[in-house]
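The values are calculated or read from the model by the stated rules, or taken from the named source; none is laboratory data. Not measured: the values here are computed from a predicted model. Cβ coordinates were reconstructed from backbone atoms using ideal geometry, including for glycine residues, and neighbour counts include every protein chain displayed. Just so you know, the surface numbers come from the protein's heavy atoms only, side chains and all, with ligands and any DNA or RNA stripped out. Shrake-Rupley method; radii C 1.70, N 1.55, O 1.52, S 1.80 Å.
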Amino acid sequence: MVTATSDSYTREAFETFLAGRDEPDWMTDQRRQAFEAYRGLLETPLDLEEYKRVDARTFRPSRYHLQEKSADETGVDTLMQHRAEYAGQVTHVDGHTKNVSLDLEMAEKGVLFGDLATMLRDHEDKLRPYFMTRAVLPDADRFSAWHAAFWTGGAVLYVPRNVALDRPLHSLIALQTDGAADFSHTLVILEDGAEATLLEETASANNDATGMHVGAVELLVGRNARLRYVQLQNWNHKVYHFAHQCGRVGGNGSLQWTVGGLGSRLAHIHQDVMLDERGAEAQVNGVTFTIERQVLSYYTKQAHNAEDTTSDLLYKEVLRDDSRCIWRGMIRVEPEAQKTDGYQRSDALMLSSTCRADSIPGLEIEADDVRCTHGATGGRVDEEQLFYCMCRGLSRFEAMHVIVEGFFQQVFDRIPTELVRETLSQAVERKLGIGD
Amino acid sequence: MSSILKVKDLHVSVEETPILRGVDLEIKQGEIHALMGPNGSGKSTLAYALAGHPKYEITKGSIHIDDVDILELDPSGRARQGLFLAFQYPVTIPGVKVADFLRHAVSNIRNPERKEGEGLIPMREYRKELRSRMEELGMDPEFARRYLNEGFSGGEKKRMEILQLAMLQPRFALLDETDSGLDSDAVRVVSEGLNRLAGSEMGVLIITHHERLLEFNKPHFTHVMLGGRIVETGDAALAHELHANGYASVRERHPQAAQEQQQADQSKVENQEVPSGA
């Protein structure tokens, strides 16, 4: 078994890992291929453009281990779990799935929701064609390959053609045991005309447990389908987080993707949205708040692969103390993607003189009839705004809080789900050190 | 008991440039004072220094409300003591709704001991109060849901200042050129609003170049500033005279202050670093 004294991710460890899993051959084969790719990619330098601003020297993979079985859940303090009436919920602890529920009516309509490994085995025909074949590819880089070899746990949501879920679904990914590795994978498939909202959050059971997440998110949105996906990354400040996340949208489909980045010691997220057919649209919202020595890095790409596609990305970052936030964005327009409407913007608000925000927008446009706009701003809290608020009786801290909330409001205004707005707003309050 | 705002021998510098050179002023609750004077004489500096702007350094003198030493307090503490500044250029705070902002303000001013995170004033009564104050000022209730001063016209911003004045009911209100940059309709609305609010419980200092605001709010005292000092104090007739004839005669009567004023104006031209608010 994988132990603390050996490297957790050697060939030998991998074979032991495989032996412990009762999986169909195709899955095992896929893992083996990914493992070979992983060993190879470890020798290949990471893409400098993507990783040069991310200093991961303190990250030691061998400190984190797959958990043979999950510890008894001691209760994870989550922001969304009990806040709403959900059509279904799933919880993962230390890479193992627990507590799956799905509204019976939805199940009868053919909706699949639950543990990825079980679902992949039981519904191979429906799910296998999508699993790491179209969105996140195993050989993208060492993190995706590592994930593809060792993935455990994670949620799958499959919504058949023209089925609409009237209530959101909730997925919680938790880390509990000190030194645990989480390789969870989220796979969402909306067939043509389907509609769903999935709220996902990652959280730690306590503030002291170290951990690692090497994850992947795949969102496949069919023609005329509508997906709202929220991922609130709320690990404690000892977790390392690496993720490949990719959404693909079919003709006239729409994806609204909201990212909340609050937790982790160091995080790097590769986030792609791909607009594959005419009329596809994606809105990407980002809210991040870093404090102390946290480092959050986002590498976002909006790929316009077809005519008449729309993408709109807005990231708002607040930084405090010695924290750092990096956003590198790219809009890529293929030659055939005429009439593209692409937008990207990142605004950073710095609350200390020792934090640092890097915002680097970028455009690569091969078509000649497009509208693409990008922008990035960075600044400190305006002293005149603070003075004004204080002249109205707000304390300096309260004024700061009001200004930060207002700064995020522009993103909140884009999010139609009240629960999400409230949750993010509450998370921001907590981070500011007030509220419950 | 009527409160009194007492400014004694106040000297204020901005980035080491002296602007105020010994201001004495007493305002009692219920009194209206007009503060006039040419550009750069120090009127706005006095207002900002009273409110506690960190850039305005008090080098000498004192400010008290009754026995409370205002200089010991930050702007928030001063506001909680009942001091209010209506800004000449109100700032925009994106994403912060007027109603939410004012609810925090009102909660703190009415309960000066309130700590952040403690209860705000109850929503129902607050809403009702806000709505009726807005109605009195002829404001669309929709304003409460807008972001503070974002996309507001000049007149809307000034009206928003008066709305805050109405909600916060300060003991002492400083109005820094609240009538500037407004068309005559807007001046009328603001003037009438102030007239309704300023009763026996409010001492008011109106900083102005114009006369309109004073027509509706007849000052008990008019002060003239020159070279960072109050050089003359009279009644409403003085304001009228200054408005009609300008400051030439004041300069003649106070040659030393006029000279200091001139020097300050020149150094400002030479040194663009001096903030325009002075």
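Need one number: buried accessible surface between chains A and B, 1.4 Å probe, both sides summed, DNA, RNA and ligands left out, in Å² to 100. Display every interim value, and only then the final one.
Values: alone 17540 and 13520 Å², together 28820 Å².
Buried surface at the A/B interface: approximately 2200 Å².
Express in whole angstrom the spacing between the alpha-carbon centres of region A:376-417 and region B:71-136.
15
Return the loop-located GluC sites (Glu not before Pro) in region B:6-110 (DSSP other than H, G, I, E, B) with at most 12 other Cβ atoms within 10 Å of their own Cβ; answer none if there are none.
On the way: sites: B:E15, B:E16, B:E26, B:E31, B:E57, B:E72; in loops: B:E15, B:E16, B:E31.
Of the GluC sites (Glu not before Pro), the ones in loops of region B:6-110 whose Cβ has at most 12 other Cβ atoms within 10 Å are B:E16.
What number do you get for region A:382-436 when its Cα radius of gyration is normalised by 2.2 N^0.38 Å, N = residues?
Relative to the rule-of-thumb radius for its length, region A:382-436 sits at 1.22.
When the Kirkwood radius is taken over all Cα pairs of region A:1-148, what Stokes-Einstein diffusion coefficient follows at 20 °C and 1.002 mPa s, in µm²/s?
Working: Rh = 18.1 Å.
Calculated translational D: 118 µm²/s.
Output needed: percent of Cα pairs per 10 Å distance bin for region A:120-278, bins running from 0 to the one holding the longest distance.
P(r) over region A:120-278, rounded to whole percents: 11, 41, 35, 12, 1.
By DSSP, what percent of the beta bridges with both residues in the protein assembly as shown are antiparallel, rounded to the nearest 5?
Once the DSSP bridges in the protein assembly as shown are tallied, antiparallel ones form about 20 percent.
Test of understanding: in a Gaussian network model of chain B with alpha carbons linked when under 10 Å, which of B:D24, B:D235, B:D140 would top the mean-square fluctuation ranking?
Maximum fluctuation in the GNM of chain B, among the listed residues, is at B:D140.
For the residue pair B:H220 and B:Q262, what label-to-label distance in nm results when each label sits 7 Å from Cα along the Cα-to-beta-carbon direction?
Computed distance between label sites B:H220 and B:Q262 equals 3.7 nm.
Given points 7 Å out from each Cα along the Cα-Cβ axis, report the B:V91 to A:T16 separation in nanometres with one decimal.
5.9
I want to verify the translational diffusion coefficient of region B:134-195 in µm²/s; compute it with Stokes-Einstein, Rh as the Kirkwood radius over Cα pairs, at 37 °C and 0.692 mPa s.
274
Return the sequence-ordered ³J(HN,Hα) values of region A:406-416 in whole Hz as given by the Karplus equation 6.51 cos²θ - 1.76 cosθ + 1.60 applied to θ = phi - 60°, using x for Gly and Pro.
Here the 3J(HN,Hα) series is x, 4, 6, 4, 4, 6, 4, 5, 8, 9, x Hz.
When only DSSP loop residues count, what GluC sites (Glu not before Pro) in region B:98-140 have their Cβ near at most 15 other Cβ atoms within 10 Å?
B:E113, B:E118
Along each principal axis of its Cα atoms, how long is region A:11-277 end to end? Whole angstroms, biggest number first, please.
46, 38, 38
Taking the Cα centre of the protein assembly as shown as origin and charging only Cβ (+1 Lys, Arg; -1 Asp, Glu), how large is the dipole, in debye to the nearest 20?
Working: 79 positive and 110 negative charges, 210 e Å.
Dipole about the Cα centre, nearest 20: 1000 debye.
Report the dimensions of chain B along its three principal axes from the alpha-carbon atoms, largest first, rounded to Å.
Largest first, chain B extends 58, 42, 39 Å along its Cα principal axes.
With angles folded into 0 to 90 degrees, how steeply does helix B:154-168 sit against the dominant principal axis of chain B? Use alpha carbons for both and round to 10.
70
Which residues among region A:213-238 fall inside the zone where the amide N is under 15 Å from a point 7 Å beyond the Cα of A:R414, along Cα→Cβ?
Counting backbone N atoms under 15 Å from the label point, the list is A:228-231.
Using the alpha-carbon centroid of each, what span in Å lies between region B:210-224 and region B:14-34?
Here the two parts' Cα centres lie 16 Å apart.
Quick one: plug the Kirkwood hydrodynamic radius of region A:239-361 (C-alpha pairs) into Stokes-Einstein at 37 °C, 0.692 mPa s, and report D in µm²/s.
224
If you plug each phi of region A:86-91 into the Karplus form 6.51 cos²θ - 1.76 cosθ + 1.60 with θ = phi - 60°, what whole-Hz ³J(HN,Hα) values come out, in order, with x for Gly and Pro?
Those phi angles translate into 9, 7, x, 9, 9, 10 Hz.
Under 24 Å between C-alpha atoms is the cut-off here; go through chain A and count lysine pairs that meet it, provided they're at least eight residues apart or on different chains.
14
Counting heavy atoms of the protein chains only and a 1.4 Å probe, report the per residue accessible area for the protein assembly as shown as a whole number of Å².
Using a 1.4 Å probe on heavy atoms only, each residue of the protein assembly as shown averages 40 Å².
If one puts a single equal scatterer on every Cα of region B:21-125 and applies the Debye formula without solvent, what log₁₀ I(q)/I(0) results at q = 0.10, 0.14, 0.17 Å⁻¹?
-0.37, -0.71, -0.99
In Å and whole numbers, how far do the C-alpha atoms of the protein assembly as shown stretch along each principal axis, longest first?
Cα extents, longest axis first: 102, 54, 50 Å.
Expressed as a rounded percentage, what relative contact order does region A:22-148 have, with Cα pairs under 8 Å and six or more residues apart?
Contact order relative to length: 35 percent.
Full-extension gain between A:T44 and A:A164, please, as 0.36 nm times their residue separation minus the C-alpha to C-alpha distance. Mind dumping the intermediate values first?
Values: separation 120, 0.36 × 120 = 43.20 nm, distance 4.40 nm.
Stretched fully, the A:T44-A:A164 segment lengthens by 38.8 nm.
When the label point is put 7 Å from the Cα of A:S425 along its Cα-to-beta-carbon vector, which residues of region A:81-99 have a backbone N closer than 20 Å?
Those under the cut-off are A:81-85.
Using only the alpha-carbon atoms of region A:249-295 as identical scatterers, what base-10 log of I(q)/I(0) does the Debye formula give at q = 0.14, 0.21, 0.33 Å⁻¹?
Debye output, listed in q order: -0.46, -0.73, -1.18.
What nm distance separates the two modelled labels at A:K52 and A:T373, each placed 7 Å from Cα along Cα→Cβ?
Label-label distance for A:K52 and A:T373, simple model: 3.0 nm.
How big, on average over all directions, is the shadow cast by the Cα convex hull of region B:82-236, in nm²?
Values: hull surface 40.5 nm².
If I average the Cα hull's projected area over directions, I get 10.1 nm².
Placing unit charges on C-beta atoms (Lys and Arg positive, Asp and Glu negative, everything else neutral), compute the dipole magnitude of chain B about its Cα centre in debye, rounded to 20.
Result for chain B is approximately 680 debye, rounded to the nearest 20.
Which lysines have a Cα lying under 18 Å from the Cα of B:K28, excluding residues fewer than 8 positions away in the same chain?
Of all the lysines, those that pass the test against B:K28 - Cα under 18 Å, at least 8 places apart if same chain - are B:K6, B:K8, B:K218.
Region A:162-189 to region A:342-375: how many Å between their Cα centroids?
With region A:162-189 and region A:342-375 each reduced to a Cα centre, they are spaced 29 Å.
I'd like the projected area of region A:27-71, averaged over all directions, using the convex hull of its alpha carbons. Report it in nm² with one decimal.
Projected area, direction-averaged: 5.2 nm².
Which of the lysines could be linked to B:K128 by a straight reach, that is with a Cα gap under 30 Å, when you skip same-chain ones fewer than 8 residues away?
Answer for B:K128, where 30 Å is the Cα cut-off: B:K97, B:K115, B:K157, B:K158, listed by chain and number.
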